[in-house]
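S.K.: Shown below is the structure under consideration.
The values are calculated or read from the model by the stated rules, or taken from the named source; none is laboratory data. Keep in mind that what you see is a predicted model, and the values were worked out from it rather than measured. Because the Cβ atoms are built from the backbone with ideal geometry, glycine has one as well, and the counts that use them run over all protein chains shown.
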Ligand code: SF4
């Protein structure tokens, strides 16, 4: 997983509530076997017209937002399915950070697991950031995870909260697996003990 | 030590390490894989250059996408997405050395049917799979639950999961089950009572003499639908029925090892006085042959009941939701269920695809005929179930009655293989989910027991199986 330290980039304004996982990536794209490659279908129903061409009114089809790395939205981002295709699609498009007043629980956790930083900020701040991001390419937003601040284009800093463990993983580019593997000795020890106390547990030769 | 529940005991014995925030590194004894939720996890391992830690504690089978009729292996799986998922699984198990049950092996079947059948699902163990109905295996007194794709990868790499403990819930069912009622009716009645959110945040232990009296197949049916009751896992304490079931199965301990295992398994049941955060009590007298009428498993009534009227619901939001369900299901308030005609019958799935379920269906079907215009599928949950049913002559009884006798797979439980409802078709199904479009776009699903499904097949409408001699 890529480290997340400081990100300065274009933020796409999506002033909507309840952007559900089906909007992020429609269910018909879930029968894939890869977690990469979903970026072209991100926000499919909003992004493309019926004939398959780009919808010029949708923010991610406009400059400079085609290269957006941050999304600013309103309440309950990511509600819906528990499948991880939504963060996969966002990441594949290039989104590393989402700012909203609140998020659906499972999506919130799934984002961290996939290297995306979800930031909760009050509605009024999100409204300001949406206005900022509408200014386009010259109005970059900086997210400094170490210092836990979002820096607005005018230099004003806004503090945000983040779980210390999650922060540690993102800063160091560790995924949950990498973290658990550091407890490898404990796992080895457990397995040895288990083999002795319950030798009947079946194993299968491949 | 303080009195502990069955869940507490299994949990405690699998904690590798407790992290400062209370999360535990929990050891996993058995990891089951199927073709739908594993590809991205294998991909993740590959990208990170990691190994699969314990292939010998892992087993894979393809079940969701396999056709139930005709040629069943990848070159002949017509839908491209399905074929690619199966081929990807077959390539991945080779690359990572994971034991795999080939599609044409007699032991192939739905992952939640074959785990117990092969003696891989054992009391006191932890079992996970990237599939919510992993709760099924809890019937043996195992802590078994579904996980997401990131977690599948985590188990592959570490044989552990990061988990926070759940709350304990007890659902007690007492009394003798009435004639024509089965485990499916018990669990539907439970969900009707506690709603689909009733078990949120809990692991459910099913207790009481009604549950004790169930055979293992029945216990699996109940535990299977714990997820529909909002819980990630369900449990039934292991007892003699469990020990007898496990004995002699392919991977189950044998001889002295079996005796030692049983001695340990006998220490697992919940201690007297152990604390449950939530307790619910039902009596068997409250349970009749049940039928769902809405689009969540909680909308369930006895077959003798009438379709409820949304107008009776005081809350405006809920009223609108009920109305939407009735519109989708094409039902009218006050309608008798026994007047509702069916188009398709599906007997199978990890809820009701075991030999006992097929016997129950065959008993009703014997000497009768599937009603005109009705298509009735019987899909055994595994190759072994199919073989046994054929040895008992159940296939002939069903075929003579006009049922179709298929090969094992998830089949019409979900619209992921060729067995699908067409828009507007109404189905009496022994599966576990009646969500909009679950069995095919626009399809209308009513959840019932195998005997009730067979009764609907021969009547052409929902029928009270208690009136079938
Ligand atoms: S039978 Fe249905 S519920 Fe069970 S594993 Fe297959 S699709 Fe899932």
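S.K.: Provide a single number: the residues in the stretch B:231-275 that are over 18 Å from residue B:208 (Cβ atoms) and not in a loop (DSSP other than H, G, I, E, B).
M.R.: 16
S.K.: Related question: Can you confirm whether residue A:63 is assigned to a loop (DSSP other than H, G, I, E, B), more than 14 Å from chain B (Cβ to nearest Cβ) and farther than 24 Å from residue A:21 by Cα?
M.R.: Answer is yes for this residue.
S.K.: Another question, if that's okay. In the stretch B:338-363, how many are in a loop (DSSP other than H, G, I, E, B) and away from the ligand (no atom under 16 Å from the Cβ)?
M.R.: The total comes to 3.
S.K.: Something else about it: Can you name every residue in the stretch A:146-155 that is loosely packed, with under 12 Cβ neighbours inside 10 Å and under 14 Å from residue A:133 (Cβ atoms)?
M.R.: A:154
S.K.: Filter the stretch B:96-116 for residues that are within 14 Å of chain A (Cβ to nearest Cβ) and in a helix (DSSP H, G or I); which is farthest from the ligand (Cβ to nearest atom)?
M.R.: Step by step, filter the stretch B:96-116, then rank; the result is B:96.
S.K.: From the list B:52, B:71, which one is without any contact (Cβ under 8 Å) to a residue 60 or more places away in the chain and more than 16 Å from the ligand (Cβ to nearest atom)?
M.R.: The conditions single out B:71.
S.K.: Only residues that are within 14 Å of chain B (Cβ to nearest Cβ) and surrounded by fewer than 16 Cβ atoms within 10 Å (Cβ to Cβ): list them for the stretch A:34-60, please.
M.R.: Passing the criteria: A:34, A:36, A:37.
S.K.: Of all residues in the stretch B:63-86 being in a helix (DSSP H, G or I) and under 17 Å from residue B:105 (Cβ atoms), which is modelled with the highest pLDDT?
M.R.: Step by step, filter the stretch B:63-86, then rank; the result is B:86.
S.K.: Go through (1) farther than 29 Å from residue A:164 by Cα; (2) modelled with pLDDT of 95 or more; (3) within 13 Å of chain A (Cβ to nearest Cβ); (4) crowded, with 23+ Cβ neighbours inside 10 Å for residue B:41 and report which single condition fails.
M.R.: (1)
S.K.: Something else about it: Looking only at the stretch B:187-237, filter to residues that are farther than 20 Å from residue B:350 by Cβ and crowded, with 24+ Cβ neighbours inside 10 Å; which one of those is modelled with the lowest pLDDT?
M.R.: Residue satisfying both the conditions and the ranking: B:202.
Listed here are the residues, each with its yes/no results for (1) facing another protein chain (nearest Cβ under 9 Å); (2) buried (at least 18 other Cβ atoms within 10 Å of the Cβ).
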| position | (1), (2) |
| --- | --- |
| B:34 | no, yes |
| B:37 | yes, yes |
| B:50 | yes, no |
| B:56 | yes, no |
| B:70 | no, no |
| B:80 | no, no |
| B:86 | no, yes |
| B:91 | no, no |
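S.K.: Another question, if that's okay. Please enumerate the residues belonging to the stretch B:249-263 that are touching a residue at least 40 places away in the same chain (Cβ under 8 Å) and surrounded by fewer than 15 Cβ atoms within 10 Å (Cβ to Cβ).
M.R.: Scanning the stretch B:249-263 gives a single hit, B:250.
S.K.: May I ask you to list the residues in the stretch B:304-332 that are loosely packed, with under 12 Cβ neighbours inside 10 Å and in contact with a strand residue (DSSP E or B) (Cβ under 9 Å, 6 or more places away or on another chain)?
M.R.: Scanning the stretch B:304-332 gives a single hit, B:330.
S.K.: For the stretch B:117-148, give me the residue count where each residue is within 13 Å of chain A (Cβ to nearest Cβ), more than 16 Å from the ligand (Cβ to nearest atom) and assigned to a strand (DSSP E or B).
M.R.: 1
S.K.: How many residues does the stretch A:11-29 hold that are within 14 Å of chain B (Cβ to nearest Cβ) and either touching a strand residue (DSSP E or B) at 6+ places or on another chain (Cβ under 8 Å) or surrounded by 15 or more Cβ atoms within 10 Å (Cβ to Cβ) (or both)?
M.R.: 5
S.K.: Consider residue B:133 carefully, then state whether it is modelled with pLDDT under 95, buried (at least 23 other Cβ atoms within 10 Å of the Cβ), in contact with a helix residue (DSSP H, G or I) (Cβ under 7 Å, 6 or more places away or on another chain) and under 29 Å from residue B:284 (Cα atoms).
M.R.: yes
S.K.: Just to be sure before I move on: is residue B:25 under 22 Å from residue B:251 (Cβ atoms) and not in a loop (DSSP other than H, G, I, E, B) in the structure I sent?
M.R.: no
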